[in-house]
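Heads up, the thing below is written out as structure tokens.
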Protein chains: 2
Amino acid sequence: MRSSLKDVAARAGVSVRTVSNVVNGSASVSEKTRVRVQQALDELGYRPNLAARSLRAGRTGLIGLVIPEIHSPYFGELAGLLVEAAQRRSWTVIIDQTHGRADEERRLLKGTHAPIVDGLIISPWALDASELSKEAGSTPMVLLGERDPRQVADHVAVDNVLAADEATRHLVETGRRRIAAIGPQPELRNGTAEQRLTGYRQALRRAGLTPDPVLEVPVPTLHRTAGARAMEELLDRGGPAPDAVFAFSDELALGIMRTARDRGVRVPEDLAVVGFDDIEDGRFSNPSLTTVSPDKAQIAERALQCLADRVYSPGGGLKGTVPPQRITVPHRLVVRESSRPAEGGSRGAGS
Amino acid sequence: MRSSLKDVAARAGVSVRTVSNVVNGSASVSEKTRVRVQQALDELGYRPNLAARSLRAGRTGLIGLVIPEIHSPYFGELAGLLVEAAQRRSWTVIIDQTHGRADEERRLLKGTHAPIVDGLIISPWALDASELSKEAGSTPMVLLGERDPRQVADHVAVDNVLAADEATRHLVETGRRRIAAIGPQPELRNGTAEQRLTGYRQALRRAGLTPDPVLEVPVPTLHRTAGARAMEELLDRGGPAPDAVFAFSDELALGIMRTARDRGVRVPEDLAVVGFDDIEDGRFSNPSLTTVSPDKAQIAERALQCLADRVYSPGGGLKGTVPPQRITVPHRLVVRESSRPAEGGSRGAGS
DNA sequence: CACCCCTATTGCAACGTTGCATGCAACATC
DNA sequence: GATGTTGCATGCAACGTTGCAATAGGGGTG
């Protein structure tokens, strides 16, 4: 059985309240008493009962992380970083998966599943900002990667338009002309794909190229299979083949390269590929993948900082006095084999 | 402010206790009362306060999942499945990462970080079974992928010896003779790598081949980089090159294939590769990866079942009356491009 | 020597929930 | 009609913690 403050108090010969004071340092305690109590604490291996503490204090030390899928490489890496950043603040993270489904997102926003979190970090997928604000309770909330025009909550993201622009420009600068974009998701209310499409078109126009609707291939998800299928579709459309693809996620890009290989299209000689997210697989894929690398550690850190500001400041609740923050984290383009200029292709394909 | 049982009781004109009964269905309530209370519950949007409930009941509905890394593909997929299986039982999962470090494993076993979980599912890495039992508190515990000779807790795993044997046999049967094993981890107390090595040697001997220590390459981790480095080391050792590799994880295998490509070694023509875990990357890698596929969904389901048996049965505690279970889940060998016989290599390399 | 202030310590109450025991009515049984 | 039985509803207490207010002692000051 775990020992409580009462047990420790009995052993040290003091009151329960004094033990509590020693544990929390919340009031002045004489050196002599502190030492005796501390010894009793150690001997009994006292651990505070979180349930009782949070019942009293109204805080649980738990925060919810709502993401589409844990096992997706991008969200997996992000979740790992968040868990660690939370640990540094003595917070514990509860992870919930939505699978990109609107009803799941609604359910979790209402706190159905975890009625106990102090705050939420959510990566919205199916819901747009206005619906988010409607469904949200009074729990402090941070949005990841959502444009959020109404500023309903704090949000942390890279500059998607700029990043997509840079990725596309890189393809243009290495001599590509028929550059496809795989990844628009017209069915989702989340604005991320839209922003990347904007950046892509913007870069094309600046280079004097006209965006071609045939080269913009929508996908149902950002998974590898979706990328593979979209690439098949693109090749089967006939007409001049693309000489480059900007994929809205690394997973899509990996699926695209898979199809390229199956169809005998060489990467990067016949087709340059750029992804987005900088997941670990891309560093070891064959060929290795050029990608936009968001600073994930900083995303995690800043998101938690936002939450901390709200949870611990007096007027910090979602409807409180602290105005919603809008934080842009840095990114950079990492050039690897999948988009290297064609002439240096001696190491380009495995033959 | 969130409403409590008291608020609901006041609104429905009944006692607090009756509302509690309606919520939990724990005692008989007349149809008329139930309807009235239910309406009040809905109107106020009542959500039980987990802190209070668990303070009273001594249960939190939280279970801890202790794994080396969330962002590793294998554990990511497993974590996702566990979270879902837990949800079906109205449990919430808290994930903790150990990074394979012994001190982290010890810390989490003692419940330092999450003093509130009803049970633990742990994938031990650095600690062996005897140390696990020493450090463990009284929290019910399920071990994943650990041999556990002393039967200190329930454990769920595939038959690693058999699986490694089958993987190696497959390489032998497709004509390979110098088969390397990359993945032994002599520094870790976890027995998994050891079992896979046993299965590997066993299959070699049955085929009349003598295990060659030069072909057994230890690694510090199971990551891609470690696989890449181990392969470099193996190739640099001189002597006849291996014509196949059995990697103890898919991640290692992907790193190995990366090095093969960098060194101009063709997979599968010059080198067949088999991995372990069946992570998604392997299905889309180039070439796609032959692997041992453990039934991950079943691992998740059975692990939770074990925990449920202990948490909810009277004598179920770790030191209780229920004897430790030892559950073996099925696996199968999935043959893909990386080990296809050399003669059918028209789709084998990207040239 | 009375007074006050400051430090160290304490007791009480409350957070929201559920286990246990009890109350109360209606109904069946003898 | 008295007694037992059943179905339903309630009140009290307790889980472990902390906020608040109060108390006891010790030393300094007027």
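Any read-out appearing in this document is the output of simple, stated calculations on the displayed coordinates, not a laboratory observation. In this text the structure is predicted, and so the values were computed from the model without any measurement. Don't worry about glycine lacking a Cβ; one is built from the backbone with ideal geometry, like all the others, and counts go over all protein chains shown.
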Seen from all sides and averaged, what is the projected area of the convex hull of the Cα atoms in region A:5-48, in nm²? 2.5
Would you tell me the mean number of C-beta atoms belonging to other protein chains that fall within 10 Å of each C-beta in A:279-291, as a whole number? 5
The distance between the Cα centres of region A:56-119 and region A:172-248, in whole Å, is 32
Taking B:Val16, B:Val156 and counting other beta carbon atoms within 10 angstrom, the fewest-first order is B:Val16, B:Val156
If you plug each phi of region B:179-184 into the Karplus form 6.51 cos²θ - 1.76 cosθ + 1.60 with θ = phi - 60°, what whole-Hz ³J(HN,Hα) values come out, in order, with x for Gly and Pro? 9, 8, 10, 10, x, x
GNM on chain B, C-alpha springs below 10 Å: top fluctuator among B:Gln151, B:Gln39, B:Gln185? B:Gln39
Expressed in nanometres to one decimal, the distance between label points 7 Å along Cα→Cβ at B:Glu194 and A:Ala27 is 5.4
Dipole moment magnitude, nearest 20 debye, chain B about Cα centre, only Lys, Arg, Asp, Glu C-beta charged: 1300
Farthest toward positive dipole pole in chain A [+1 Lys/Arg, -1 Asp/Glu at C-beta], among A:Ile299, A:Ile116, A:Pro184: A:Ile116
In vacuo Debye sum over C-alpha of region B:223-286, base-10 log of normalised intensity I(q)/I(0) at q = 0.14, 0.17, 0.22 Å⁻¹, listed in q order, is -0.33, -0.50, -0.84
Hey, can you grab everything whose amide H is under 5 Å from the amide H of A:Asp154? Only 5+ residues off in sequence or another chain; H modelled, so Pro and N-termini drop out. A:Met141, A:Leu143, A:Gln325
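Where the only charges are on Cβ atoms (+1 Lys, Arg; -1 Asp, Glu), what is the dipole of region B:5-48 about its Cα centre, to the nearest 20 debye? All intermediate terms of the calculation are to be shown ahead of the outcome.
On the way: 7 positive and 4 negative charges, 23 e Å.
That gives a dipole near 100 debye.
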Could you tell me what % of all Cα pairs in region B:1-154 have separations over 25 Å? 45
Which cross-chain or sequence-distant (5 or more) residues have an amide H under 5 Å from the amide H of A:Ala181, H modelled 1.01 Å from N in plane? A:Glu216, A:Val217, A:Phe246
Can you give me the long-range amide H partners of A:Leu62? Hydrogens built in the peptide plane at 1.01 Å from N, cutoff under 5 Å, separation of 5 or more residues or another chain. A:Thr92, A:Asp118
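Give the peptides A:269-282, A:171-184, B:61-74, A:52-65 in descending order of average Cβ contacts within 10 Å, highest first.
Numbers: A:269-282: 25.9, A:171-184: 20.6, B:61-74: 24.2, A:52-65: 18.7.
Going by the mean number of other Cβ atoms within 10 Å, highest first, we get A:269-282, B:61-74, A:171-184, A:52-65.
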Given points 7 Å out from each Cα along the Cα-Cβ axis, report the B:Asp295 to B:Lys6 separation in nanometres with one decimal. 5.1
Could you give, in nm with one decimal, how far A:Gly45 is from each other copy of that position, shortest first, with labels 7 Å out from Cα toward Cβ? 4.3
Could you work out the helix-only [θ] at 222 nm for chain B, with each DSSP H run of four or more residues adding -39,500 (n - 2.57) and the total divided by the number of residues, to the nearest 500 deg cm²/dmol? -13000 deg cm²/dmol
Final fewest-first order of A:Met257, B:Met231, A:Met141 on the 10 Å Cβ neighbour count is A:Met141, B:Met231, A:Met257
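From other protein chains only, count the Cβ atoms within 10 Å of every residue's Cβ in B:70-83, then give the mean. If you can, show how the numbers build up before the last one.
Details: counts 14, 15, 5, 7, 1, 4, 10, 5, 2, 6, 9, 2, 1, 6.
Counting other chains' Cβ atoms within 10 Å and averaging over B:70-83 gives 6.
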Would you compute the Debye intensity of the protein assembly as shown from its alpha-carbon atoms alone, equal scatterers and no solvent, and pass along log10 I(q)/I(0) at q = 0.09, 0.10 Å⁻¹ to two decimals? -0.88, -1.05
Distance in nm between A:Arg178 and A:Asp42 label points, each 7 Å along Cα→Cβ, equals 7.5
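Using DSSP, restrict attention to beta bridges with both residues in chain A and report what percent are antiparallel, rounded to the nearest 5. Intermediate results must be reported in sequence, preceding the final value.
Values: 4 of 36 bridges.
Within chain A, antiparallel bridges account for around 10 percent of the total.
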For the residues A:Thr210, A:Thr192, what sequence is obtained by ranking on other C-beta atoms within 10 Å, fewest first? A:Thr210, A:Thr192
Output field shielding_mean for A:215-228 (other chain Cβ, 10 Å radius) holds 1
FRET efficiency, 1/(1 + (r/R0)^6) with R0 30 Å, evaluated for B:Gln325 and B:Thr210 via beta carbons: 0.20
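Among rounded, prolate and oblate, which fits chain B when a ≥ b ≥ c are the square roots of the eigenvalues of its C-alpha gyration tensor, a/c under 1.5 means rounded, and a/b larger than b/c means prolate?
Values: a/c = 3.03, a/b = 2.33, b/c = 1.30.
Prolate is the answer for chain B, as a/c is 1.5 or above and a/b outweighs b/c.
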